[in-house]
């Protein structure tokens with residue numbers, strides 16, 4: 001990863017930041033592409049605090065304020081990254097919004113939000129990064145989205161959210177085929193268990209569910225393994241973090257647990 005430029009959406013906190021720090025330890029250039037520039041009362045971190053942590057880990061950081069719903073904003077952010085670092089080698093589509101409301105209870109503005117970020121945003125950031133990735137060194141796109149599974153229960157539980165996340169997965173599947181001849185790998189990664197993030201704490205289950213989660217470090221380690229693979233040999237996959245790491249010979253996962261005394265909560269879609 002040394003000297004490679006990695007554009008990570010939603011990387012001011014959570015899984016995105018954990019991946020940024022993991023890759024920074026290997027000497028990567030990290031573009032912290034996220035919205036938060038001022039401290040939030042319920043959400044830790046800004047693009048600037050994340051950038052400082054990246055540099056403390058040994059990487060180079062470029063904090064970029066970007067709203068991936070806005071086309072001109074996205075184009076400008078990508079051009080800024082290219083101008084600063086000379087190109088883009090890896091794109092990680094991490095930014096995502098969650099709302100688990102049933103269909104009658106979901107306001108259409110919330111429906112639009114999760115689809116504008118998860119589906120349209122992922123498509124658009126990928127679209128504008130592709131010309132640069134084609135020139136990159138062992139180029140990869142990694143979407144943080146689940147394996148496609150047509151089990152009706154996942155749709156019945158939270159239809160709008162499932163649609164939005166599966167759209168991210170379909171983007172990964174489609175781009176893997178579209179970009180195969182260009183040597184750009186496209187894969188998806190999803191956690192086997194709940195991951196201790198702001199979404200878990202503030203939306204899904206509070207501190208009790210946090211205790212039944214793993215830290216974002218497991219996703220970061222899994223992402224590193226994927227992005228280290230030759231792009232011509234590793235594309236079109238739906239990876240699950242624990243399964244991938246087990247395939248790499250890792251057997252001890254205790255250090256990822258927030259609280260070893262609590263049972264782990266399986267994540268959505270698995």
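Some points to look at:
- DSSP beta bridge pairing in the chain, given as percent antiparallel to the nearest 5: 5 percent
- Relative contact order for the chain, counting Cα pairs under 8 Å that sit 6 or more residues apart, in percent: 18 percent
- The distance separating the Cα centre of segment 151-180 from that of segment 1-70 comes to 25 Å.
- Value at 222 nm in deg cm²/dmol, rounded to 500, when DSSP H runs of n ≥ 4 in the chain each add -39,500 (n - 2.57): -11500 deg cm²/dmol
- Take every Cα pair under 8 Å whose residues are at least 6 apart in sequence, average their separation, divide by the length of segment 13-101, and the relative contact order is 29 percent.
- Highest-first arrangement of 16-26, 159-169, 178-188, where packing means the average Cβ count within 10 Å: 16-26, 159-169, 178-188
- Values (i) 0.94; (ii) 1.11; (iii) 0.98 are given for comparison; Cα Rg over 2.2 N^0.38 Å, derived from the coordinates here, is the one labelled (i).
Bear in mind that the values in this text are calculations on the coordinates, not laboratory data. Model, not experiment: these values are computed from the prediction. Counting neighbours? That spans all protein chains shown, and the Cβs are built from the backbone with ideal geometry, glycine included.
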